Amino acid sequence: MATQLTRRETLTRGAAAAMLLALPEWALPALAQGEVDVAFTDYPDTFVASPANGERRFLDLRKLDGLITPNDRFFFIQHYNRPELDAAAHRIKVTGMVKKPLELSLADLKAMPATDIVNGYECSGNSPRAMQGLSSNGRFTGVRLREVLKRAGVGDAAREVVFFGADRGKEDVVFRQQTFKIEQQFARSITLENAQKPEPMLVYALNGQPLTRDSGFPVRLVMPGWYGVANVKWLSEIHLQEDRFLGNYQARWYRTVRTVGGTGTETDPETQWVETEVTRLNLKSVIARVTKMGGAHSVRGWVLNDGTPLRSVEVKVDDGPWKSAAIEPAEKHSWKLFTYTWEGATPGEHTLISRVTDVNGQVQPTVAELSRKKSFLEDNSQMPRKVMIA
Ligand SMILES: Nc1nc2c(c(=O)[nH]1)N[C@H]1C(S)=C(S)[C@@H](COP(=O)(O)O)O[C@H]1N2
Ligand SMILES: [Mo]
């Protein structure tokens, strides 16, 4: 079931190989001359990477061909509308418990010292159902959040930093038996302590290009090592306060519910139900692409986590032993690409699965090991993939 590359693709790759040094990093050809894709037999024909209405885009992992996801393939998703903001008129307000409230333009941010980070993330709803396509990795440019906070001067009582997007929608706000329909802006918060770490950034460029409308133009927050939901797009206000922020996207809809203790059944009094916020990326590996060159197969994929260094990625074929994959070094918060060289693949259908272990000995869980997680977000379970070897 190997898919031959088209002549044009082969020529493009050949030309790319010849000009390697002149090319941007995402154009590095992952496939050598003569290397061909092996199709997955479990990739649903009905799976649509990008709906026709253009409201969201999934990354087609089968085309993974380098560390950096090109801008026109970078996944995007959001809950409300996608506002089209005028960069010249747009201001980011810094309000609340600050010594000096600010109104920053894009030009103001660009005048501050710029910094760069390669950051990979996934939506916390990313899963086998989404063919893991709610994930990407890019180089973001902008200014450190803490520099902006320093300019405004953090008030003594401030404990929480809330980020509002310019997008808005009607939400059901539920209080006991009452439901209010309230139009409000998308908003998320982090603690002041997290906001003052070096990593959080207000970014205006992705892979050297201005953000697009879909990726949050003109400015968004990036929280390296966190799930996508933290990266507020179309940033319009940064508000400092003392109290916890309880907006729906913070306190209700981005939570994980799991059971601990007892048997885990609803009737067992020993079982506790624990709710946690969706924050840092859980350790996860995903097989993206399988190729064949001569008699050898390569199994490639990515790893995402909170930045903790990795110990190993392993791949298992059918009921065989776990075998180690090579991990390509990359920046702390970049996703890490791995390659497993699969020798002696026999004709027929095979199941491939990967698992990653970090230096603390944390291992990516199996589906069964995650069974105590009752809500669907934060699915970092090992995902089997099927291929047919000709
Ligand atoms: N303003 C705003 N920012 C947002 C959202 C949103 O609905 N509105 N969705 C969040 C979610 S759930 C995810 S997964 C990421 C997706 O980022 P991307 O569209 O750039 O890939 O954006 C986050 N930032
Ligand atoms: Mo998300």
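The values are calculated or read from the model by the stated rules, or taken from the named source; none is laboratory data. All of these numbers come straight from a predicted model, not from anything done at the bench. Cβ: placed from backbone, ideal geometry, glycine included. Neighbour counts: every protein chain shown. Just so you know, the surface numbers come from the protein's heavy atoms only, side chains and all, with ligands and any DNA or RNA stripped out. Shrake-Rupley method; radii C 1.70, N 1.55, O 1.52, S 1.80 Å.
When residue 366 is tested against the conditions (1) open to solvent by less than 40 Å² (accessible area, probe 1.4 Å); (2) assigned to a loop (DSSP other than H, G, I, E, B); (3) farther than 30 Å from residue 222 by Cβ; (4) in contact with a strand residue (DSSP E or B) (Cβ under 9 Å, 6 or more places away or on another chain), the lone failure is (1). What residue, among those in segment 155-169 that are more than 19 Å from residue 97 (Cα to Cα) and among the charged types (D, E, K, R), is surrounded by the most Cβ atoms within 10 Å (Cβ to Cβ)? Within segment 155-169, the match that is surrounded by the most Cβ atoms within 10 Å (Cβ to Cβ) is 167. I'm checking my understanding of the structure. Among residues of segment 220-246 that are assigned to a loop (DSSP other than H, G, I, E, B) and buried (at least 19 other Cβ atoms within 10 Å of the Cβ), which one is nearest to ligand 2 (Cβ to nearest atom)? By that ranking, first place goes to 227.
Looking across 151, 139, one residue alone is within 16 Å of ligand 1 (Cβ to nearest atom), among the basic types (Lys, Arg) and modelled with pLDDT of 95 or more. It is 139.
A single member of 68, 92 is more than 20 Å from residue 234 (Cβ to Cβ) and surrounded by 13 or more Cβ atoms within 10 Å (Cβ to Cβ), and it is 68. Scan segment 134-153 and tell me whether some residue there is in contact with a helix residue (DSSP H, G or I) (Cβ under 8 Å, 6 or more places away or on another chain) and farther than 19 Å from residue 224 by Cβ. The answer is no, given that none of the residues of segment 134-153 is in contact with a helix residue (DSSP H, G or I) (Cβ under 8 Å, 6 or more places away or on another chain) and farther than 19 Å from residue 224 by Cβ. The residues in segment 190-213 that are open to solvent by less than 30 Å² (accessible area, probe 1.4 Å) and under 23 Å from residue 84 (Cα atoms) can be counted, and the count is 8.
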